[in-house]
Ligand SMILES: CC(C)(COP(=O)(O)OP(=O)(O)OC[C@H]1O[C@@H](n2cnc3c(N)ncnc32)[C@H](O)[C@@H]1OP(=O)(O)O)[C@@H](O)C(=O)NCCC(=O)NCCS
């Protein structure tokens, strides 16, 4: 039991840079208080002492502003930062190393008995004010943006924002962009001047092909180098050039042709 308590306290240090020492954490973190009350009320709930369990949970809500139903299953190293306004429903299952901020609801959308609340995977972070509603899974390591409303399953590792919650595609780092430009230069054409932000699916496919060709190109270059080491006579021939005209079919009508290279 003390091992669990130590873990719960340490998780505050790991996830809140403002935490200074154990005494401060034990006395000033309502998220930790709510969790300790919940561990007790959940134990009573499982013993069948339902009324007592609910009453302890209500007392915890008075004291912390956090409502965790005693039936909810909460994993290890759970951390609720700030906490006020958090509601966790009866059939919620929360994995290990999960972080919630104030105002989060892990709730249901129906009055049916049975599983009606979400299952939150290990390592998930749920931003302030987010609502996750329904009996679906939020995959491991997912991030839910503050104030999002999520009503559908979230894949592992995804970042979901907005109302309704949608997974965001992170912009590729600048070095990916530079690598693509380099490949385009070597091939002798530019991929219609598209940028990553453009939603055109054809342009995106072309960029994905460029990424793939870059990887293949690197691999062939390494193989050629290895062959030259084995046989110094070995020559690698020139690749056939690519021409702009070959790509004209996907240009918009009336769009200027690029200058001939
Ligand atoms: C969702 C979240 C985890 C994303 O963080 P991230 O992976 O670093 O992503 P970024 O900040 O690079 O944002 C990526 C895109 O999503 C948008 N976005 C981020 N959070 C958003 C939110 N809550 N709602 C709507 N859009 C959001 C950004 O504007 C950005 O859009 P752009 O690509 O058009 O510029 C983070 O923004 C978040 O909401 N964390 C919760 C923090 C919190 O609640 N803190 C409370 C402390 S008291």
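Average projection, convex hull of the Cα set of the stretch 102-154: 3.3 square nanometres.
For the stretch 28-67, the fraction of C-alpha pairs farther apart than 15 angstrom is 30 percent. Peptides 3-16, 90-103, ordered by how many other C-beta atoms sit within 10 Å of their residues on average, highest first, read 90-103, 3-16.
Kirkwood analysis of the stretch 2-167, using all unique Cα-Cα pairs, places the hydrodynamic radius at 15.7 Å. When its C-alpha radius of gyration is set against 2.2 N^0.38 Å (N residues), the stretch 66-107 gives a value of 1.02.
Readers should treat all values here as calculations from the given coordinates under stated rules, not as data from a laboratory. Model, not experiment: these values are computed from the prediction. All Cβ positions, glycine included, derive from the backbone under ideal geometry; neighbour counts span all protein chains shown.
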